[in-house]
Each structure stands twice: as C-alpha cells, then as structure tokens.
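Have a look at this one.
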Amino acid sequence: MIITLILSPQIPCGEVIPLVVERKGATITINGDALDLSFMQPGDSLPAGAIDHPLLESAAIERNTTGLLIGGLIFHISAGQTDPAACFPEPILVTEDGPIPLPPQFPPEPQPTPEPDHLEEPNADQH
C-alpha cells in the first residue's frame, strides 16, 4: 500500500515545532501520536476535522485501491525558510515502513565567516 502525504506549509504564530512522521503498515505516527488507518477500505474517506489532532485539523483522508491519501497535513516552517521544497512541497509517496523524510522546516544555518589571518606584529623588544 502506498501512502501519499500532501503537506500544507504554514508559518506559525509561535515556535516552529519539528515534525516527525513515521509509518508502520497503515499506521502513521505524527510526533509520537499513532493514527491507525487500517479500518479504511477502498472508497472510504474522512473529511477535514474528522481526526482530533492539531496537525490534521484541515486534512482529508481518502482510501483508494492503491493506498491512502492524506491531504493537508499541517507542516510548520520557519518564517525565514525560502527553500522551495519546504514552501511548495511535492506530495510525498511513502512505500516503506520507517521514518518519512520531510523537507527542511528551517533555513540552513549560515556558514561562519572565516576570521582574517592576523599578521603578528614584531614586538618592539624583539630584533
């Protein structure tokens, strides 16, 4: 079964909480909260708001013959994030159990500026 995640990037008013999503069969775990969707049969759907989870409040879930579609999983990103992969993410096709790689939620850390090489000035006592 293929699980398709469609992320809905949002810049939160408060702190950006890192998102961790894992799959085990028909169970999706979002930040430690397991959501078992094994009860869904092809043709079943759950409208937005049917699942009581803050990151799924606007997500609709559908089951078809190939798998599950979770559309609208809230994906918090930093206000400084400009990576198109995070701001305009492609659907994520999940075919295996385990952690699901997600786009970066935060911009990369700036590279430190190297200090200029200081030339040691000769000490007046040295000749």
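From the C-alpha coordinates alone, can you work out the Kirkwood hydrodynamic radius of the chain, in Å?
For the chain, the Kirkwood estimate is 17.0 Å.
First obtain the Kirkwood hydrodynamic radius of segment 30-95 from its Cα pairs, then insert it into the Stokes-Einstein equation at 4 °C and 1.567 mPa s, and state the resulting D in µm² per second as a whole number.
The estimated diffusion coefficient comes to 97 µm²/s.
To continue, here is another question. Please compute the contact order of the chain in relative form: average sequence separation of alpha-carbon pairs under 8 Å and at least six residues apart, divided by the residue count, as a percent.
Computed value for the chain: 33 percent relative contact order.
Counting just the Cα atoms, what span does segment 1-66 cover along each of its three principal axes? Round to the nearest Å and put the largest first.
39, 22, 18
So who's got an amide H within less than 5 Å of the one on F75, skipping anything under 5 residues away but keeping other chains? H placed 1.01 Å off N, in plane.
S8, Q10
Values quoted throughout were computed directly from the atomic coordinates according to the rules given, and no laboratory measurement underlies them. All of these numbers come straight from a predicted model, not from anything done at the bench.
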